[in-house]
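Beneath this line is the structure, given in structure tokens, with notes to follow.
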Amino acid sequence: MLKTGISGECETLVTKELTAEVMGSGELAVYATPAMVALMEKTAYQSVASELEAGMGSVGTRMDVKHVAASPVGMKILCKTELTKIDGRKLVFRVEAYDASGLIGEGIHERFIVDNAKFQEKADGKLWSEN
């Protein structure tokens, strides 16, 4: 059952592929903000996926985060999320990311519950409209 308070956790290891230098978001070999955002989205999505009806999923619609500290290659990152608000089909999460030295990122993430098949069909329909 979908309810506020649902939490999620997910870990990753900072690899060269997840650095700002490789992802194109900067010049340094540190954990990239886009990688942190992706981990936050993944953690939030996975935390509620099993609570949704069959055929339903969620899509990210908003991300408002601060990346407050750098993490080098080889460091583990832990992401924590908590579902703080349910407003119809809109889900609001508190998101945080940590390395061994402490908080590296925090903010708010919103997702929207969708019918997976209908959503995909609508998105795919854009291909026909460009011809």
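The values are calculated or read from the model by the stated rules, or taken from the named source; none is laboratory data. Just so it is clear, the model here is predicted, and its values are computed rather than measured. No Cβ is skipped: glycine too gets one built from the backbone with ideal geometry, and neighbour counts run over all protein chains shown. Each accessible area value is taken on the protein alone, full model and side chains, heavy atoms only, with ligands, DNA and RNA left out. Shrake-Rupley method; radii C 1.70, N 1.55, O 1.52, S 1.80 Å.
Taking all protein chains together and a probe of 1.4 Å, list 109, 67 from the most accessible to the least accessible.
67, 109
Using the heavy atoms of the protein chains and a 1.4 angstrom probe, tell me the accessible area per residue for the chain in square angstrom.
Roughly 60 Å² per residue, with all protein chains present.
Dipole of the stretch 52-128 computed with +1 at Lys/Arg Cβ and -1 at Asp/Glu Cβ about the Cα centre; of 81, 57, 112, farthest Cα towards the positive end is 112.
Ligands, DNA and RNA left out, the accessible area of the chain computed with a 1.4 Å probe is 52% carbon and sulfur. Once the Cα atoms are used to define both axes, helix 116-129 deviates from the longest principal axis of the chain by about 90 degrees. For the chain, lysine pairs with C-alpha atoms less than 14 angstrom apart, excluding pairs fewer than eight positions apart on the same chain, total 5. A crude spin-label estimate for the pair residue 53 and residue 82, with each label 7 Å from Cα along the Cβ direction, gives 3.0 nm. Here is the list for the stretch 1-61: GluC sites (Glu not before Pro) lying in DSSP coil, each with at most 10 other C-beta atoms within 10 angstrom of its C-beta, are 27, 53. Under the simplified labelling scheme, the residue 115-residue 101 pair shows an inter-label distance of 5.0 nm, with each label point 7 Å from Cα along Cα→Cβ.
The GNM of the chain, with springs linking C-alpha atoms under 10 angstrom apart, assigns the highest mean-square fluctuation among 118, 16, 85 to 118.
For the listed peptides 92-98, 56-62, a ranking on the average number of other beta carbons within 10 Å per residue, highest first, reads 92-98, 56-62.
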